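One structure is given below, encoded as structure tokens.
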Ligand code: PGA
């Protein structure tokens, strides 16, 4: 596990963008796992800048998104389809046929989830998975109590997640109750997991994920078992880490 602490949100986003860009340059046909939410917006802005100013080429890249709200069509402005096109895909040269976002309107949810897992496998697996973390410690929509071996499926959101996400909807009642999400087991198969976390509000949660016991109560804690997990935090999110000084020292003395 590598824990990188950067000064602020912008520095966190730039550090993450360098990791993604290096992979895309080294393996042009890589498979990226992508996340939604407010956390990765800065990362996507920087990738767009690199595409426009530095020619970062996404033409051979394949993408798989973590999750989607059930019941929202791609045209809904709060769907994760819409979010991804608005915040990234419409501004880079990723090919539409290489983009995968779970469907929130599939008539047969179980069959869809199985198909999504098969598509990931057919693509050769995810090389790098970008992740945020919820206030309740979730990765994707793997809410507390989710099996750490879970696969893509439908999940019921917790009240905390519904409250957290209510800011994006006109009324709290409009927040969908269900989502299709990759499982913790699906995420754990990615070659490299890159989790971003910013803001003091999540300091306690991220400390539990990185330094607490591995538990389904904080599904992000499963990443402690991942052979290559990188956590990039801004300073406010890092304030509750017991080994704060050590992480800084390791980063500053990277061989
Ligand atoms: P946020 O959501 O980036 O909007 O805080 C993160 C998450 O719920 O995974």
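Taking the range 85-105 as the range and being in a loop (DSSP other than H, G, I, E, B) and either closer than 21 Å to residue 41 by Cβ or in contact with a strand residue (DSSP E or B) (Cβ under 7 Å, 6 or more places away or on another chain) (or both) as the test, the residues that pass are 88, 92, 93, 94, 101, 102, 103, 104. Just for the range 33-84: of the residues that are under 17 Å from residue 169 (Cα atoms) and in a strand (DSSP E or B), which one is farthest from the chain's Cα centre (by Cα)? Looking at residues that are under 17 Å from residue 169 (Cα atoms) and in a strand (DSSP E or B), I get 69. Assess whether residue 181 counts as being within 12 Å of residue 219 (Cβ to Cβ) and modelled with pLDDT under 95. For residue 181, the condition - within 12 Å of residue 219 (Cβ to Cβ) and modelled with pLDDT under 95 - is not met.
The values are calculated or read from the model by the stated rules, or taken from the named source; none is laboratory data. Computed from a predicted structure; not experimentally measured. FYI the Cβ positions are ideal-geometry reconstructions off the backbone, even for glycines, and counts take in every protein chain you see.
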